[in-house]
Amino acid sequence: MLLLTSCGSDDDICLGQDSTPRLKLLFRNANNQLYTADTLYVDVDYGKDTIKNIIYSANVDSIFIPLRIDESPYTDFYIRRRSVGPRSKIRVSYDKKLIYVSPACGFKVNYENLKGEVLQTDPVQSIQTNNTSLTNENSINFYLRF
Amino acid sequence: MRTVSIFICAFSLLSVSLFSQSKKVEKKQDSIKWKYTPNFTVGVDVLNIGTGFFGDRQLIQGFISSRINKKVHAIIDIGYDNNIYQKNGYDAKADGLFAKIGGFYMLSTDPENDLNGFYAGGKLAGSFYNQEYMAIPVKGINSEGVFVSFDPSTQSSYWIEAMLGARVQVFNSNFFIDVNVQPRYLAYTTKQDEIKPMIVPGFGKSSGSFNMGFSWNIAYKF
């Protein structure tokens, strides 16, 4: 009994189903119709030394982008259609709200007043806002127009 | 953590050797009728005071118990606990006083000395403490090392606990060794900004509502 109680117990594990939601984007073509990219590369600037590639895949019709949760009021990301080729720089700015989840998960972030801006066109021409609030991953926040 | 475990192991071996020396002394006890006269047993948890020298947690606790009738004892515990929590991105500390009140029932007693034996009981407990969360993790994909901190605050927590243990007289003296375990359930806690406390003085780790306490007391009967 003495030896049993002296053993430490493992702490709770955060299962992550209720953590910070990701930004959801869909694509449109020049005619404003939903569009599937044959290949797509997405890189995100998380404020580290190097930008992080989060997506490179074929036949992409939607993407989820985890936004920054640090002090930065915006997240920059880059869209390419080819491994080597022009890339668009897009900035999404927002107001952050910290929400307590549980002892194991700590806090998560919800985003309000999302604003999208294309800082560098080609291949993305413009960004259309659909839902300015990001509290779950169910609704589409932006459309990227190619 | 390892030094604490070694200490507890050494302590339990020491206690076994101590127990084996104690010989039951023949002692004629009173008859069926038992009348309450003021009596008090005061105990100090020496195991947890000892482990405080090796670990991050300083737990000082003691009790006063009084025999109410032949088999029932009332008991009050008081203590002070100072603890830290540094794990999974958390950095927190808490310290404060706690008190418990309850009773226990002698389940089986030594026929020659009805103060010796096994007992079971229950207590209500409360803790009033200061806490400070220097860091609580913020979780998001591809972002590590983001934390929020909070100002120190005063909180309170309340729990119920069961106790199972044994009390043995040391030789023929007024000293007793009292060992017990306390499975406990956190019933209510005040919260700072809805944050569930990770440690509660007197209760221990509180991320889950259940916890187990252990104490090894040396007690003196007045």
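Coordinate-derived values only; no laboratory data. What you are looking at is a predicted structure, and each value in this text was computed from that prediction instead of being measured. As a convention, Cβ positions derive from the backbone with ideal geometry for all residues, glycine included, and neighbour counts pool all protein chains shown.
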(message) Just to be sure I understand the model, the point goes 7 Å from the Cα along the line to the Cβ. What's the resulting B:S153 to A:S126 distance in nm?
(response) 4.7 nm
(request) Give the dimensionless ratio obtained when the Cα radius of gyration of the protein assembly as shown is divided by 2.2 N^0.38 Å. (result) 1.47
(message) Between A:T36, A:T75, A:T50, where does the largest GNM mean-square fluctuation fall for chain A, given springs only between Cα atoms within less than 10 Å?
(response) A:T50
(request) Report, in whole Å, the centroid distance computed from the Cα atoms of the stretch B:108-149 and the stretch A:31-63. (result) 47 Å
(request) Would you look at the GNM of chain A, springs on alpha carbons closer than 10 Å, and say which of A:Q120, A:Q33, A:Q128 moves the most? (result) A:Q33
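Of A:K52/A:K97; B:K71/B:K205; B:K35/B:K221; A:K96/B:K87; A:K97/B:K87, which ones are farther than 21 Å apart at the Cα?
On the way: A:K52/A:K97 24 Å; B:K71/B:K205 33 Å; B:K35/B:K221 17 Å; A:K96/B:K87 25 Å; A:K97/B:K87 24 Å.
Result: A:K52/A:K97; B:K71/B:K205; A:K96/B:K87; A:K97/B:K87 exceed 21 Å.
Rounded to the nearest 500, what is the 222 nm mean residue ellipticity of the protein assembly as shown from helices alone, with -39500 (n - 2.57) per DSSP H run of 4+ residues and division by all residues?
Details: 3 runs with 31 residues, N = 368.
Helix contribution divided over all residues of the protein assembly as shown: -2500 deg cm²/dmol.
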(request) Just need log10 I(q)/I(0) for the stretch A:11-145 at q = 0.13, 0.16, 0.20 Å⁻¹, Debye formula, equal scatterers on the alpha-carbon atoms, no solvent, rounded to two decimals. (result) -0.56, -0.83, -1.22
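Calculate the FRET efficiency for B:I160 and A:S93 from the Cβ-Cβ distance with a Förster distance of 45 Å, rounded to the nearest 0.05. Walk me through the numbers before you get to the answer.
On the way: r = 50 Å, r/R0 = 1.11.
It comes to 0.35.
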(request) Can you figure out the FRET efficiency of A:N29 with B:S108, using R₀ = 51 Å and their beta-carbon distance, to the nearest 0.05? (result) 0.05
(message) Starting from 0.36 nm per residue, how many nanometres of slack lie between B:V42 and B:D56 once their C-alpha separation is accounted for?
(response) 2.4 nm
(request) Compare A:R82, A:R91, A:R22 in a GNM of chain A, Cα atoms joined below 10 Å, and give the one with the largest fluctuation. (result) A:R82
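Within a Cβ distance under 9 Å of B:G62, other residues only, what is the Lys/Arg minus Asp/Glu net charge? Could the numbers behind the result be given before it?
Working: positive: none; negative: B:D45, B:D77.
Spelling it out: positives minus negatives among the neighbours equals -2.
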